Amino acid sequence: MSLKLAFGGKGGVGKTTITSLIARTLAALDKETSVIAIDADPVSNLAAGLGIDETRPITPVAELSDLIAERTGAQPGTMGGFFTLNPKVDDIPDRFSIEKDGVKLLVMGTVQQGGSGCICPESTILKALMNHLVLARNEVVVMDMEAGVEHLGRATSGSVDALVVVVNPGKRSRVAADKIRKLGRDIGIKNIVILGNRVRSEEDRQLIRESMPDYEILGFLPEMEEIVQSDREGERPFDDISTIPKELKEIAQKLMEMSKK
Ligand SMILES: Nc1ncnc2c1ncn2[C@@H]1O[C@H](COP(=O)(O)OP(=O)(O)OP(=O)(O)O)[C@@H](O)[C@H]1O
Ligand SMILES: [Mg+2]
């Protein structure tokens, strides 16, 4: 299975929680394919949701200075000068990810941008890596994006099966969704869908439907005590993935159907 999914949304709506649960669910549903979870949030915390030991430090790809220098031919932190714009990156996902229960976690990290349109060794590696993950790998790739979709570019957009915008019930969620949809459309992502999270009632569902009539709604996930409790205890929710609620399974199934194969 080849499936490329990006999860976006306003701060705190549940992107990381959902990305990790969907990654784990997809890995459990299809044991044949490997699942790569990309942490593209500068304040990364996808490891916890995947149940990966956070005390073991994970070096983000953007901070692998020696590797970046070796692959691009330029020292990170420098700008201008000559360096290759298509560095070798195909070995990075396997070498620098940490695996748990069939999901490999890859942490991207951030590039200190020096002004707009900066082309530096770090951003070149990240871009090449995203392109490779989305275009060249016959795998499931799920991406926990910050509010935007900054790591994705025009080259990859055609291969992104869906940009899932996570929203909570509330009148203001539309504003954030519109912003993300615009970013997604600008780079050419066609399939942009809404996932209502932390929904407590039919009223909540109706609120989301009514405030976003022009969006396709992928589904709704209820407010889950298991998630609240796990968060409190610093554990991953649904440690036994077979115990996840049916809503999550259904959403994972729907996403699988979006696969371009
Ligand atoms: N369906 C749910 N039921 C209960 N709690 C939830 C649910 N989804 C998310 N949460 C809780 O909401 C909080 C925010 O979730 P999460 O960190 O996944 O959001 P985020 O969008 O990734 O946030 P950020 O923008 O800070 O990265 C967490 O405490 C999480 O446990
Ligand atoms: Mg997050």
Problem - Odd one out for ASP214, checked against (1) outside any strand (DSSP E or B); (2) closer than 20 Å to MET145 by Cα - result: (2)
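From GLY234, GLY196, GLY188, which residue is touching a Pro at 6+ places or on another chain (Cβ under 7 Å) and either exposed (fewer than 12 other Cβ atoms within 10 Å of the Cβ) or not aliphatic (A, V, I, L, M) (or both)? Working first, answer last.
Details: GLY234 fails: touching a Pro at 6+ places or on another chain (Cβ under 7 Å); GLY188 fails: touching a Pro at 6+ places or on another chain (Cβ under 7 Å).
From the options GLY234, GLY196, GLY188, the qualifying one is GLY196.
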Practice task
With the condition kept exactly as written, say whether any residue in region 176-186 is over 29 Å from THR33 (Cβ atoms) and not in a helix (DSSP H, G or I).
Solution key: no
Handout entry: Cβ pairs under 7 Å, 6+ apart, first in region 4-16 and in contact (Cβ under 8 Å) with a residue 60 or more places away in the chain, second within 8 Å of ligand 2 (Cβ to nearest atom) and of a type in the set (Asp, Glu)
Key = PHE7/ASP144; LYS15/ASP144; THR16/ASP144
Problem - The lone exception for SER20 - which of (1) under 13 Å from ILE244 (Cα atoms); (2) of a type in the set (Gly, Ala, Ser); (3) at pLDDT below 95 it fails - result: (3)
Practice task
Among what's in region 45-59 and is surrounded by 19 or more Cβ atoms within 10 Å (Cβ to Cβ) and under 25 Å from ASP91 (Cβ atoms), pick the residue that is nearest to ligand 2 (Cβ to nearest atom).
Solution key: LEU46
Problem - Residue list for region 68-82, restricted to those being farther than 15 Å from HIS132 by Cα and either touching a Phe, Trp or Tyr at 6+ places or on another chain (Cβ under 8 Å) or surrounded by 20 or more Cβ atoms within 10 Å (Cβ to Cβ) (or both) - result: ILE68, THR72, GLY73, ALA74, PRO76
Problem - Matching residues, region 155-182, being farther than 20 Å from LEU255 by Cβ and surrounded by 19 or more Cβ atoms within 10 Å (Cβ to Cβ) - result: PRO169, SER173, ALA176
Problem - Checking GLY49 against (1) in contact with a Lys or Arg (Cβ under 8 Å, 6 or more places away or on another chain); (2) under 19 Å from ILE227 (Cα atoms); (3) away from ligand 1 (no atom under 13 Å from the Cβ), the condition it does not meet - result: (3)
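The values are calculated or read from the model by the stated rules, or taken from the named source; none is laboratory data. Nothing here was measured: the structure is a model prediction, and the numbers come from that model. For neighbour counting, all protein chains shown are included, and Cβ atoms are generated from backbone atoms with ideal geometry for every residue, glycine included.
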